[in-house]
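What follows is a set of notes on a single structure, which appears directly below.
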Amino acid sequence: MKPELQKIFTVDPFKEMNPDKPGEVCNLLEGKWVQGKVFRKDLPDPLNGGVFLRVPDTNEYSKYIDNLDICPKSGLHNPLKNVERYLLLGDVCTNAAELLRDKEVSAYFAKLIQRVMPKSASQCLGEVRVTRIFLENFSGDNVRFLARGFSNPGDHLGQESSGYRWPFGSVCIIAPFNFPLEIPVLQVMGALFMGNRPLVKVDSRVSVVFEQFLRLLIHCGLPSEDLDFINCKGEVMGDLLKQSNGKIRLTQFTGSKQVANKLSVDLKGKIKIEDAGFDWKVIGPDYDPEWSKYVANQCDEDAYNASGQKCSAQSILFVHRSWEKDLLPRLADLASKRELRNLDIGPVLTWTNSQLNEHINSLLKIKGSKLLFGGQELTNHSIPSNYGSLRPTAIEIPIEELLSDKFGLVTKEVFGPFQVVVLYTDKQINLVKKSLEKITQNLTAAIVSNDVLFQQDILGSTVNGTTYTGMRARTTGAPQNHWFGPSGDPRSAGIGTREAIVSTWSSHREIIKDVGPY
Ligand code: NAD
């Protein structure tokens, strides 16, 4: 590492993350880095089971609660207070984006991501690239423009109403393991842009990535008191939130449905969520042999990149029978080419092999179901047994059975390299639409067809927050250039774009000036 980078980063993924010299993650409190007293013992190196990180197992959190008081409910800034902070944050984005343009810095973060969340080099670099472009998008004056309001003339001279985007004040951000850089950075920056002060908790398996990025942001001019960062177990964070006595005015949660629902109750609804995805793709009736290779590649990537550990991963694939003979063999062939050595397939961090096998076996008991490919463990690997290691897998389920009492089982999100395939004919399109209606998660979706009337029919009867349509449609996409988030739920949060930031991180305030003349 160049000497100037050594001044910023404290963990070197190319060297230090090994049992002899494990990297150490710190908390950030009151603007100061705080070393842990006790460390997690249950976070092995996902590729070989060895020790590679010391992550604080914080249990004493009263100071984090006390520190919530430093941000009033009117925020650190708002359109009528400390407006220079909009410009300061624009500068931080400019500086951080410039640093991320340095090949050594982007390679550093890509490697760091890969050490904790093993996925292919291109997936890791993609995450760094999205983060950089997001920062470029909000450089210069663009933070201030996020807080753009409006005005309307009043009923009489001297009266005028103006709408403002107002912060919440002290907020909390909880992020999962699968996008260790992109999710926490984009949400934290969005929260800050709108004037909030976040307390941040990232899954301890991967929190080193955000911690090192926070060091970079502070180096780029972010005041270190602008946020607190805590490393603790999920349940401890749940307790902290409950003990905080309403001082946290909004929690933005990204993670599983179970935790999202628990927090919704505990926090009395003061929550915005990006929760589980059971994402569908419908391949329409307009089979075209020229598109078949493209469509197959996209299906393979949507289902199995990052070993299926994307909330946007293709979970269920509806294939019109006209594509069957061409597409299904292509999918099996592409899946068979994925290799552990380049992390096209790799460890599954939240499902063990026995849980995966149990799910596969219960689906294979459904009448007419069939293992299309996969179903076995990876071979020749040293992935620890508390993590899963499954070959890319697909199970076909007959459409009539999907709509039986097995619906809940078939549409359970498996956070791993696994998908359900359902074939349908023209006459069965209503069964497809019925299935889409019954799926409870409404995150991403894809309609692979250039038949405009078919697209219109499916689009008009569904609600997914991020839906691609057209022959190139995908379920996984880059969130810095379009909205990403669920729809059809009043708690939905978004990530990535101007609209996502404004709707997640600010609320509407209207000020009516009424000064006369008398
Ligand atoms: P998880 O819910 O177990 O954990 C997510 C985060 O919540 C972690 O930081 C965890 O430590 C924390 N947490 C756990 N219990 C908590 C509690 N009681 N109180 C407060 N915080 C708690 O999720 P996971 O299984 O690790 O992650 C995968 C899930 O996340 C999948 O369901 C996936 O679809 C979803 N996800 C959704 C999006 C999205 O944008 N919608 C993005 C990524 C992941």
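The values are calculated or read from the model by the stated rules, or taken from the named source; none is laboratory data. Note that this is a predicted model, so its numbers are computed, not measured. No Cβ is skipped: glycine too gets one built from the backbone with ideal geometry, and neighbour counts run over all protein chains shown. Protein only, heavy atoms only, side chains kept; ligands, DNA and RNA dropped before computing areas. Shrake-Rupley method; radii C 1.70, N 1.55, O 1.52, S 1.80 Å.
Pairs exceeding a 23 Å alpha-carbon distance, out of K41/K262; K281/K427; K281/K433; K32/K242; K257/K427; K257/K406: K41/K262; K32/K242; K257/K427.
Compute the acute angle (0 to 90°) between the alpha-carbon long axis of helix 292-304 and the principal axis of greatest extent of the alpha-carbon atoms of the chain; round to the nearest 10°. So the inclination is approximately 60 degrees. Among L459, V410, V422, pick out the residue whose Cα is farthest towards the positive end of the charge dipole of region 359-468, where Lys and Arg carry +1 and Asp and Glu carry -1 on C-beta, about the Cα centre. Result: V410, furthest along the dipole toward the positive end.
Axis angle, to the nearest 10 degrees, between helix 103-116 and the longest C-alpha principal axis of the chain: 60 degrees. Atom-type composition of the exposed protein surface of the chain places 51 percent of the accessible area on carbon and sulfur (1.4 angstrom probe). Probing with 1.4 Å while keeping every protein chain in the model, the per residue accessible area of region 332-447 equals 45 Å². For region 124-221, a crude dipole built from +1 on the beta carbon of Lys and Arg and -1 on the beta carbon of Asp and Glu, taken about the Cα centre, is about 240 debye to the nearest 20.
Remark: the Y294-T10 segment gains 98.0 nm on full extension, using 0.36 nm per residue and subtracting the alpha carbon distance. The long axis of helix 121-137 is offset from the longest Cα principal axis of the chain by roughly 40 degrees.
Here region 1-124 is treated with +1 on each Lys and Arg Cβ and -1 on each Asp and Glu Cβ, and its dipole about the Cα centre works out to around 160 debye. In deg cm²/dmol, rounded to 500, what helix-only [θ] at 222 nm does the chain give when every DSSP H run of at least 4 residues adds -39500 (n - 2.57) and the total is split over its residues? After summing the helix terms and dividing by residue count, I get -10500 deg cm²/dmol.
A straight Cα-to-Cα reach below 20 Å connects K111 with the lysines K2, K7, K15, K21, K103, K119, K310, residues fewer than 8 places away in its own chain not being considered. Sequence-distant contacts, meaning Cα pairs under 8 Å at least 6 residues apart, place the relative contact order of the chain at 17 percent.
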